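These notes concern the structure reproduced below.
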C-alpha cells in the first residue's frame, strides 16, 4: 500500500513538472500581456479625449439652451402683454361702439393697416383666412 501511494506521489510530481510553462512561453505570455495592456491604455486615453470633447459640447449646448430659454421667456412675456392689450382693446370697443366704428373706418380707410388684411385674412381673432 505504501508503494502504491509512493508511486502515485511520484507520478503526480512528474505530471506537475511537465505542466509548468517554459521560459519561452512565459516570455511570450509576458509580451502578449504588455501588448494588451498598451492597447487598453490607448483605448482608455481615446475614451478620455472623447469624453472631454463631449463634455465641452454639453457645455455649449447647455449655454445655447439657456439662451433659448431666456428668449422663450421674453417672447412669452411679449405675447402675454399683446394678448392682454388686445383683449382690453376689444373690451373697450365693445363698451364704446362709436369708437369701434371710427376705428373700423380708420383701420380700413387709411394706410394704417399696411395691407394686414391681405396678410392676416379677415382680421378676426383668432385669425382665419377666406380666400
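The values are calculated or read from the model by the stated rules, or taken from the named source; none is laboratory data. It should be emphasised that the depicted structure is a prediction, and the values quoted were computed from it without experimental measurement. Because the Cβ atoms are built from the backbone with ideal geometry, glycine has one as well, and the counts that use them run over all protein chains shown.
When every residue of the range 16-25 is checked against the conditions, at least one turns out to be at pLDDT below 90 and surrounded by 10 or more Cβ atoms within 10 Å (Cβ to Cβ). Being in contact with a helix residue (DSSP H, G or I) (Cβ under 6 Å, 6 or more places away or on another chain) and surrounded by 10 or more Cβ atoms within 10 Å (Cβ to Cβ), is that true of even one residue in the range 76-93? Checked against the condition, which is being in contact with a helix residue (DSSP H, G or I) (Cβ under 6 Å, 6 or more places away or on another chain) and surrounded by 10 or more Cβ atoms within 10 Å (Cβ to Cβ), the range 76-93 yields at least one hit. Pairs meeting the criteria (first residue in the range 19-48 and touching a residue at least 24 places away in the same chain (Cβ under 8 Å), second residue assigned to a helix (DSSP H, G or I) and surrounded by 10 or more Cβ atoms within 10 Å (Cβ to Cβ), beta carbons under 6 Å, at least 6 apart or on different chains) are lacking.
Can you find a residue in the range 112-126 that is assigned to a helix (DSSP H, G or I) and at pLDDT 90 or above? No, because not a single residue in the range 112-126 is assigned to a helix (DSSP H, G or I) and at pLDDT 90 or above.
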